[in-house]
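The values are calculated or read from the model by the stated rules, or taken from the named source; none is laboratory data. No experiment lies behind these values; they were computed from the predicted model shown. Cβ: placed from backbone, ideal geometry, glycine included. Neighbour counts: every protein chain shown.
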Amino acid sequence: MGLFDATDRVFFAADAFGALLPGATECIDDVPAETLRDGLVGWSSVDAPWLAHMDRRTLGAMLGSLERLDPDHVLSGHLPVANGIGRLTDVIGTAYGQGTTEAVTAETIGHVEAALGGDAPDERTAQ
């Protein structure tokens, strides 16, 4: 799931904690909790749909393990920097293991495809 550098107190998340966000930002502290939660749900619905059905007890145990590491920073390839882990694990705890979502629309899929190098969304994918 990641690598923890105990000297610098940085957790490097390996392909975890992705979110579809409305714009670029340097720190997740700049993203409202509800926007972050919706972004996590949207990303996982596309990239890791099984997270919607993850066992809540298992999720809690995994998040607890990350919290015990108590990193000063979390670096992810799919999220802005998180200063500390508490806010991130709090929001993840409300995003995953909640069942399926209607958060991913054709427009969302079009934007993801465009970001991955496909054609820009047009009116057919935005409806």
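When G84, G42, G97, G60 are checked against the criterion of being touching an Asp or Glu at 6+ places or on another chain (Cβ under 8 Å), modelled with pLDDT under 90 and closer than 21 Å to A13 by Cβ, G97 stands alone in meeting it. Kindly indicate whether any position in the stretch 15-37 is in contact with a helix residue (DSSP H, G or I) (Cβ under 9 Å, 6 or more places away or on another chain), of a type outside the set (D, E), crowded, with 18+ Cβ neighbours inside 10 Å and over 14 Å from P80 (Cβ atoms). Looking for residues that are in contact with a helix residue (DSSP H, G or I) (Cβ under 9 Å, 6 or more places away or on another chain), of a type outside the set (D, E), crowded, with 18+ Cβ neighbours inside 10 Å and over 14 Å from P80 (Cβ atoms), one finds at least one in the stretch 15-37, hence yes. Among the residues of the stretch 64-89, which ones are free of Cβ contacts under 8 Å to residues at least 40 places away in the same chain and either in contact with a strand residue (DSSP E or B) (Cβ under 7 Å, 6 or more places away or on another chain) or surrounded by fewer than 18 Cβ atoms within 10 Å (Cβ to Cβ) (or both)? Residues satisfying the conditions are G64, S65, E67, R68, G84, G86.
Note on the stretch 1-48: residues that are within 10 Å of the chain's Cα centre (by Cα) and in contact (Cβ under 8 Å) with a residue 60 or more places away in the chain total 9.
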